[in-house]
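K.L.:
Quick one: structure below, then a few questions.
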């Protein structure tokens with residue numbers, strides 16, 4: 001059954017990218033355990049606005065776990081204390097009455113803070129722009145059924161393609177590596193004949209862009225896989241390494 | 001006076017699009033380089049249009065309010081995308097897809113546009129496969145199809161329960177390829193706050209950088225709006241939190257007609273509201289109705305005991321359950337169209353048989369299917385949806401029935417466009433859910449994705465050339481012209497006016513008030529008296545908003561409350577338009593149900609002799625009632641008939 005709990009929140013506040021940040025402490029008296037975590041943030045913001053204060057800025061949009069916009073570090077875990085969920089799918093029944101919750105933005109060199117809990121993830125777009133596509137233009141393509149694709153390959157490509165680009169993998173990685181994100185895209189396209197054609201070039205260009213943008217190296221800690229809300233597997237990283245090596249040998 | 005010339009090409013309906021393409025003007029490659037196109041929005045329609053224009057050689061500026069194009073709400077579509085491929089050999093064809101779509105829309109869409117949509121549907125599937133969209137496949141390696149509501153064939157392509165995501169990622173990747181090639185300039189976290197008119201044509205936009213708060217002036221030879229629907233007027237809807245109708249309202253204020261605003265789709269299978277801090281409603285896929293049975297208790301005292309938490313649904317005996325859809329519609333049962341299922345749920349709850357703590361819910365029960373097929377079969381079909389439900393509600397739907405209730409989902413109405421997707425403002429185009437064109441009064445499942453991509457990949461790339469061909473010697477403007485300077489000042493003044501109110505109420509509290517009025521009076525069942533009240537109440541809310549809203553912070557830097565306030569100002573205007581349109585349309589059709597116009601059995605009753613037209617509203621100025629113009633609908637091919645699901 002739903003009940004009401006009271007909470008103490010320690011929230012990261014930062015006015016702008018170059019400003020100094022600090023934790024602010026807020027009390028919330030009645031939060032329904034049926035609320036989602038972001039609805040709890042709405043309650044906090046309503047309270048702040050009614051007191052004449054600036055609400056906490058945080059990223060969110062679809063609130064059903066698919067857009068990848070929400071991005072909070074809650075009690076030291078990206079997307080908080082539940083498995084296979086984004087922050088918007090986390091519910092307050094996962095917290096105890098009287099609990100203190102610490103809320104921070106993604107912290108990584110690749111994702112600078114814009115304001116409070118909002119970070120800049122444009123780097124992911126730049127990595128996709130470097131090669132995360134098949135080079136086909138609109139029109140003049142073959143019939144969709146011209147090329148049969150084995151179901152296991154199509155299913156595996158779909159699993160890799162389910163990445164929502166939220167950045168939890170980077171945020172949780174002690175090296176700030178974007179390897180899981182990059183490898184998911186490289187795998188998705190390399191597994192399909194349509195994307196196979198450019199597979200090694202794609203791997204090379206995306207990795208080069210990732211390095212250029214200040215993301216760290218992969219040391220196989222596996223933290224990214226644990227925190228990925230969509231369960232994207234680190235076996236994709238092995239496939240990326242293979243494609244990358246092939247590209248290097250060709251050079 | 002607006003010009004509602006729909007520019008439908010000559011010839012039989014099946015030849016119109018070919019005839020159009022044969023006769024349209026083109027722009028040669030050297031001239032394309034000299035032309036700029038602004039695309040607002042990066043969902044399926046916006047991203048596919050921007051990518052295609054870039055590939056063709058135009059200079060494109062593409063805007064999104066999100067941090068990345070990939071966040072657009074197209075991403076949340078679950079079920080699938082229709083196409084007339086007829087791979088299953090079950091009798092599908094372009095004609096049949098066209099016919100089903102016009103009929104499903106309750107005969108309130110333009111035949112020529114819908115036929116073109118059906119024609120290009122197959123090209124979309126080819127394009128997406130070439131991009132690497134991982135559609136579901138059979139063991140033989142070919143594409144799989146499934147069936148959806150409103151059709152007797154299996155024409156829906158899908159990628160797990162994430163079809164919208166995969167199609168959007170495909171369009172996004174095509175877009176990022178053009179960003180890399182330098183043909184598209186991408187502006188993220190940037191909102192369009194006005195459209196700039198020069199000599200009666202749309203020539204640019206005023207944008208606001210949501211991070212810095214700065215205003216920008218952007219020139220374009222043409223402007224395309226692909227900004228989605230306005231379902232968030234209701235505050236609670238299945239739309240994303242940021243989805244808004246503001247760009248559409250800016251267009252409307254510049255002279256673009258707003259067509260059929262009252263046509264909004266209410267989806268029957270959403271997770272019910274749980275409390276006053278609910279922020280949005282989550283959709284559970286329509287496919288669940290294939291195996292779930294919908295019921296409420298037969299006895300009022302049982303319903304009351306359930307609401308009080310004294311009784312569980314599993315304790316209600318079979319004989320004491322009212323499977324009301326099966327009772328009322330024996331032929332279609334639980335698979336009646338969305339509008340019919342939604343109204344039937346509301347009828348039972350209004351009569352006092354609703355369940356859940358609020359009494360605003362009905363059961364969707366899988367017990368019979370689990371007994372018949374086994375739990376594993378149900379898990380294989382709906383596992384991800386059941387898990388999603390359990391995460392939100394904390395109930396296991398394998399053991400106890402799901403609770404569902406209807407919610408606002410999609411808006412068929414929108415900016416009026418002609419056959420070329422051009423609005424009544426020259427040079428201003430609208431695509432995807434933002435326009436009104438293809439779904440009439442009700443959209444069929446798996447047709448929204450089809451329309452968004454059709455407009456962006458295969459319609460606009462042709463039709464926009466027909467417009468731009470006359471503009472090849474028109475030099476770029478710098479943005480320093482008087483029209484741009486004035487438009488920027490006007491936009492700035494609006495924001496300053498909002499900040500200066502310094503009242504006592506949060507933006508959300510006023511938006512929730514608007515949403516309740518919309519749901520109570522402009523929702524699933526509407527009547528004359530209620531709609532007249534709604535117009536008055538919305539006027540009161542407008543007064544309250546402009547005198548009592550409180551926006552902390554300043555114009556500089558990121559200010560989320562200011563963004564929300566400027567969008568709410570536009571939602572208030574849309575709410576008023578919806579109520580006026582619903583009041584005008586004295587008939588029931590598709591998603592629009594007027595209680596005065598129903599059959600003896602309580603079914604929707606169209607008035608074809610009086611309302612076979614699209615109602616196009618023309619802006620007359622702040623606080624003045626808009627004027628309605630008609631675009632008469634003529635049906636040359638489709639035979640107009642009453643829908644019957646009994």
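K.L.:
Restricting segment A:4-41 to residues that are over 22 Å from residue A:106 (Cα atoms) and free of Cβ contacts under 8 Å to residues at least 40 places away in the same chain, which is surrounded by the most Cβ atoms within 10 Å (Cβ to Cβ)?
P.N.:
Going through the qualifying residues, I end up with A:28.
K.L.:
Being surrounded by fewer than 22 Cβ atoms within 10 Å (Cβ to Cβ) and more than 24 Å from residue A:160 (Cβ to Cβ) is the filter here; which residues of segment B:160-185 pass it?
P.N.:
B:181, B:182, B:183, B:185
K.L.:
Whether any residue in segment A:193-205 is under 26 Å from residue A:65 (Cα atoms), touching a helix residue (DSSP H, G or I) at 6+ places or on another chain (Cβ under 7 Å) and either at pLDDT 95 or above or assigned to a helix (DSSP H, G or I) (or both) is what I want to check.
P.N.:
As a first pass, look at segment A:193-205 and keep what is under 26 Å from residue A:65 (Cα atoms): none.
The answer is no; no qualifying residue exists.
K.L.:
I'd like to check something: does segment B:251-271 contain any residue that is modelled with pLDDT under 95 and in a loop (DSSP other than H, G, I, E, B)?
P.N.:
yes
K.L.:
Within segment A:175-187, is there a residue that is more than 16 Å from the chain's Cα centre (by Cα) and either modelled with pLDDT of 95 or more or not assigned by TED's automatic domain parsing to the domain that holds residue A:243 (or both)? It would help to see each step written out before you state the result.
P.N.:
In the first step, residues of segment A:175-187 are kept if they are more than 16 Å from the chain's Cα centre (by Cα); the result is A:186-187.
Narrowing further to those that are either modelled with pLDDT of 95 or more or not assigned by TED's automatic domain parsing to the domain that holds residue A:243 (or both): A:186-187.
Looking through segment A:175-187, at least one residue is more than 16 Å from the chain's Cα centre (by Cα) and either modelled with pLDDT of 95 or more or not assigned by TED's automatic domain parsing to the domain that holds residue A:243 (or both).
K.L.:
Further question: Of the residues that make up segment B:527-538, is at least one in contact with a strand residue (DSSP E or B) (Cβ under 6 Å, 6 or more places away or on another chain) and over 22 Å from residue B:621 (Cβ atoms)?
P.N.:
No, that holds for no residue.
K.L.:
Any chance segment B:234-257 includes a residue that's more than 14 Å from chain A (Cβ to nearest Cβ) and within 24 Å of residue A:65 (Cβ to Cβ)? Spell out the reasoning first.
P.N.:
Kept after step one, since they are more than 14 Å from chain A (Cβ to nearest Cβ), are these residues of segment B:234-257: B:234, B:245-257.
Checking the rest, the ones that are also within 24 Å of residue A:65 (Cβ to Cβ) come to B:234.
Yes, that holds for at least one residue.
K.L.:
Moving on. Can you name every one of the helices (runs of 4 or more DSSP H) wholly within segment A:76-183 that holds 3 or more residues which are away from chain B (no Cβ under 12 Å)? Steps first, please.
P.N.:
On the way: elements: A:122-129, A:151-161, A:168-172.
Those helices (runs of 4 or more DSSP H) span A:168-172.
K.L.:
Also, I was wondering about something else. Those residues that are more than 7 Å from chain A (Cβ to nearest Cβ) and either surrounded by 24 or more Cβ atoms within 10 Å (Cβ to Cβ) or closer than 15 Å to residue B:156 by Cβ (or both), I need them from segment B:120-137; list them, please.
P.N.:
Of all residues in segment B:120-137, those more than 7 Å from chain A (Cβ to nearest Cβ) come to B:120-124, B:128, B:133, B:135-136.
Answer for segment B:120-137, where residues must be more than 7 Å from chain A (Cβ to nearest Cβ) and either surrounded by 24 or more Cβ atoms within 10 Å (Cβ to Cβ) or closer than 15 Å to residue B:156 by Cβ (or both): B:121, B:122, B:124, B:128, B:133, B:135, B:136.
K.L.:
Something else: Could you list, in sequence order, the residues of segment B:139-159 that are at negative phi, facing another protein chain (nearest Cβ under 7 Å) and surrounded by fewer than 24 Cβ atoms within 10 Å (Cβ to Cβ)?
P.N.:
In the first step, residues of segment B:139-159 are kept if they are at negative phi; the result is B:139-140, B:142-149, B:151-159.
After this cut, where a residue has to be facing another protein chain (nearest Cβ under 7 Å) as well, the list is B:139-140, B:142-143, B:159.
B:139, B:140, B:142, B:143 - these are the residues of segment B:139-159 that are at negative phi, facing another protein chain (nearest Cβ under 7 Å) and surrounded by fewer than 24 Cβ atoms within 10 Å (Cβ to Cβ).
K.L.:
Here is a further query. Please work out which residue is farthest from the other protein chains (Cβ to nearest Cβ), limiting yourself to segment B:160-202 and to residues that are in contact (Cβ under 8 Å) with a residue 60 or more places away in the chain and in a loop (DSSP other than H, G, I, E, B).
P.N.:
Filtering first and then ranking leaves B:200.
K.L.:
What's the number of the only condition in (1) more than 30 Å from residue B:15 (Cβ to Cβ); (2) under 24 Å from the mean Cα position of the chain (by Cα); (3) not in a strand (DSSP E or B) that residue B:558 fails to meet?
P.N.:
(2)
K.L.:
Any chance you could count how many residues in segment B:367-397 are farther than 29 Å from residue A:37 by Cα and not in a helix (DSSP H, G or I)?
P.N.:
1
K.L.:
What number of residues within segment A:42-75 satisfy the criterion of being more than 9 Å from chain B (Cβ to nearest Cβ), in contact (Cβ under 8 Å) with a residue 60 or more places away in the chain and crowded, with 24+ Cβ neighbours inside 10 Å?
P.N.:
Of the residues in that region, 2 qualify.
K.L.:
Additional query: Of the residues in segment B:541-567, how many are touching a strand residue (DSSP E or B) at 6+ places or on another chain (Cβ under 8 Å) and either more than 16 Å from residue A:116 (Cα to Cα) or more than 13 Å from chain A (Cβ to nearest Cβ) (or both)?
P.N.:
Count: 7.
K.L.:
Among what's in segment A:80-111 and is within 18 Å of residue B:394 (Cβ to Cβ) and within 13 Å of the chain's Cα centre (by Cα), pick the residue that is surrounded by the fewest Cβ atoms within 10 Å (Cβ to Cβ).
P.N.:
Of everything passing the filter in segment A:80-111, A:84 is surrounded by the fewest Cβ atoms within 10 Å (Cβ to Cβ).
K.L.:
Say whether the condition of being crowded, with 24+ Cβ neighbours inside 10 Å, closer than 28 Å to residue B:213 by Cβ and in contact with a strand residue (DSSP E or B) (Cβ under 6 Å, 6 or more places away or on another chain) is met by at least one residue in segment B:430-441.
P.N.:
The answer is yes, given that some residue of segment B:430-441 is crowded, with 24+ Cβ neighbours inside 10 Å, closer than 28 Å to residue B:213 by Cβ and in contact with a strand residue (DSSP E or B) (Cβ under 6 Å, 6 or more places away or on another chain).
The values are calculated or read from the model by the stated rules, or taken from the named source; none is laboratory data. All values reported here derive from a predicted model rather than from experimental measurement. So basically every Cβ, Gly included, is an ideal-geometry build from the backbone, and we count neighbours across all protein chains shown.
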